[in-house]
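S.K.: Pasting in a structure now, in structure tokens, and then I'll have a few things to ask.
The values are calculated or read from the model by the stated rules, or taken from the named source; none is laboratory data. Keep in mind that what you see is a predicted model, and the values were worked out from it rather than measured. Counting neighbours? That spans all protein chains shown, and the Cβs are built from the backbone with ideal geometry, glycine included. Please note that ligands, DNA and RNA were not included when accessible areas were found on the heavy atoms of the full protein model with its side chains. Shrake-Rupley method; radii C 1.70, N 1.55, O 1.52, S 1.80 Å.
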Amino acid sequence: MKKIFAIALPAALVSLLIASPQVMAEENFAGTEDISFGLRLHVSKFDSDRFYVDSDGIGYSIDDSYNSPNLGLEFSVPLTNHWAVRTYWDRVKTDVTGTGDSATGHMFGTDALYYFNHNFYLGGGLNQTRVQQHKDMMFRGTVGYRHTFNDDFFLRAEFAPQFNSDYTDISFLVSINYAYGTGGPLLDAWRSESRGTEGVVEEAPDSTVDSDGDGVPDYRDACPNTPRGHVVDERGCTVYTTEQVSEDLRVGFAFDSARVTSDYNGDIRRLADFMKEHSDTEVVINGHTDLIGTAEYNQGLSERRARAVADILVNDHGISRSRITTVGHGMSRPVVNEISLDANAQNRRTEANLSVEIRVPQTR
């Protein structure tokens, strides 16, 4: 019965995908390859209710701490622009409580992966897990991140708990995958072929029609309505590149003061807007003083100056304090290493720099 269920669930998922109205969307988040093969490395924590029986017939509990890394293999096929199906096999080797022996086995299963965008995905499926004496059908969930290196290789990192009525296990995995082919999602191709064969008479595609003017005829344009001026690949999809964008902040202070004057409101607002636009960024605000006074006093003054700028970002612009780090450097990092009116003004400051890499379309 368990074997029938293990086959029936992936089959039901595939049936749902064939009926899904979202098959033909503009981007293939699940990958543009035909298939991919991967080498996996997992660290797993198995339920201590599992047991191990040694050669003398004595039973011991499985160690419920995380085991050493074990290797595995996976095979993945993108089905639609959001869905992929994957089969995997992972070797199991974990310690046994109260003995120097190790329990061995495997995890073998199939799951369906749903990609929200080009990076993040969720998954669910079934596997058979054997740890020495125990061989069980498990339900597994997956939360993962995909990072593409180039057209041939990508990496997956996952958190994957699994459970049944008796046991709960947890795994952390990374895999390096080789992407083969450029045909894209399997069901998309099947649907395109089936639509092309409907009717009694097939008409040859008009190779001269190019509705979006990107140089790729409509009959083989996988990304219709590409914006004018975008560079496209052979499938008519926008080619992207990466750019580095940054935002710098410098706030000056009066002598022996940690008060931020209104002259710098616009500069601080620009930094806040940059952090709102790039919500995964964090900033370090560095406070400094001139060379007048003791090192101990100036250290505290530089910290107050850094906190004053941080307070404006939090209180006036709604930036989470957890994204801000303040550091006081005292008089240890002067811009100009001397004592004068001009040098002192340059040295009394806070500084911050943010830089992120963004994905932008190539244009003609």
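S.K.: Restricting attention to region 24-64, report how many residues are among the hydroxyl-bearing types (Ser, Thr, Tyr) and assigned to a loop (DSSP other than H, G, I, E, B).
M.R.: 3
S.K.: Specify which of the listed residues (THR87, THR94, THR129) is without any contact (Cβ under 8 Å) to a residue 60 or more places away in the chain, in contact with a Phe, Trp or Tyr (Cβ under 6 Å, 6 or more places away or on another chain), polar (S, T, N, Q) and closer than 20 Å to ASP166 by Cβ.
M.R.: On inspection, the qualifying residue turns out to be THR94.
S.K.: Now, a different point. For residues in region 310-334 being farther than 21 Å from LEU291 by Cα and aliphatic (A, V, I, L, M), which is farthest from the chain's Cα centre (by Cα)?
M.R.: Only one residue tops the list, namely ILE312.
S.K.: Separate question: Going by the conditions given, is GLY318 open to solvent by 60 Å² or more (accessible area, probe 1.4 Å) and closer than 20 Å to VAL260 by Cα?
M.R.: Here the answer is yes, as GLY318 does meet what is asked.
S.K.: Count, please, the residues in region 308-352 that happen to be of a type in the set (Lys, Arg) and free of Cβ contacts under 8 Å to residues at least 40 places away in the same chain.
M.R.: Residues meeting the conditions: 1.
S.K.: If we scan region 274-292, do we find a residue that is among the polar types (S, T, N, Q), surrounded by fewer than 16 Cβ atoms within 10 Å (Cβ to Cβ) and closer than 30 Å to ALA343 by Cβ?
M.R.: Checked against the condition, which is being among the polar types (S, T, N, Q), surrounded by fewer than 16 Cβ atoms within 10 Å (Cβ to Cβ) and closer than 30 Å to ALA343 by Cβ, region 274-292 yields no hits at all.
S.K.: Going residue by residue through region 189-206, is there one that turns out to be open to solvent by 70 Å² or more (accessible area, probe 1.4 Å) and at pLDDT 75 or above?
M.R.: Scanning region 189-206 turns up no residue that is open to solvent by 70 Å² or more (accessible area, probe 1.4 Å) and at pLDDT 75 or above.
S.K.: Please go through region 77-103 and pick out each residue that is over 14 Å from ARG50 (Cα atoms) and either aliphatic (A, V, I, L, M) or in contact with a Gly (Cβ under 7 Å, 6 or more places away or on another chain) (or both).
M.R.: Scanning region 77-103 gives VAL77, PRO78, LEU79, ALA84, VAL85, TYR88, TRP89, ASP90, ARG91.
S.K.: Could you tell me how many of the residues in region 236-256 are in a loop (DSSP other than H, G, I, E, B) and touching a residue at least 60 places away in the same chain (Cβ under 8 Å)?
M.R.: Number of matching residues: 5.
S.K.: Assuming ASP49 fulfils every condition listed in (1) at pLDDT 80 or above; (2) charged (D, E, K, R); (3) open to solvent by 30 Å² or more (accessible area, probe 1.4 Å); (4) closer than 20 Å to TYR145 by Cβ apart from one, which condition is it?
M.R.: Among (1) at pLDDT 80 or above; (2) charged (D, E, K, R); (3) open to solvent by 30 Å² or more (accessible area, probe 1.4 Å); (4) closer than 20 Å to TYR145 by Cβ, the lone unmet condition for ASP49 is (4).
S.K.: For region 319-364, give me the residue count where each residue is in contact with a His (Cβ under 9 Å, 6 or more places away or on another chain) and over 30 Å from THR226 (Cα atoms).
M.R.: Here the count works out to 14.
S.K.: Continuing with the same structure: Give me the residue from region 161-173 that is of a type outside the set (Asp, Glu) and out of contact with any His (no Cβ under 8 Å at 6 or more places or on another chain) and, out of that set, surrounded by the most Cβ atoms within 10 Å (Cβ to Cβ).
M.R.: My answer is GLN162.
S.K.: Follow-up. I'm trying to understand the selection: among the residues of region 336-354, which are open to solvent by 60 Å² or more (accessible area, probe 1.4 Å) and under 30 Å from THR242 (Cβ atoms)?
M.R.: Correct list: GLU351, ASN353.
S.K.: Residues ARG333, ARG269, ARG307: which one is open to solvent by 50 Å² or more (accessible area, probe 1.4 Å), basic (Lys, Arg), farther than 30 Å from VAL239 by Cα and out of contact with any strand residue (DSSP E or B) (no Cβ under 9 Å at 6 or more places or on another chain)?
M.R.: ARG269
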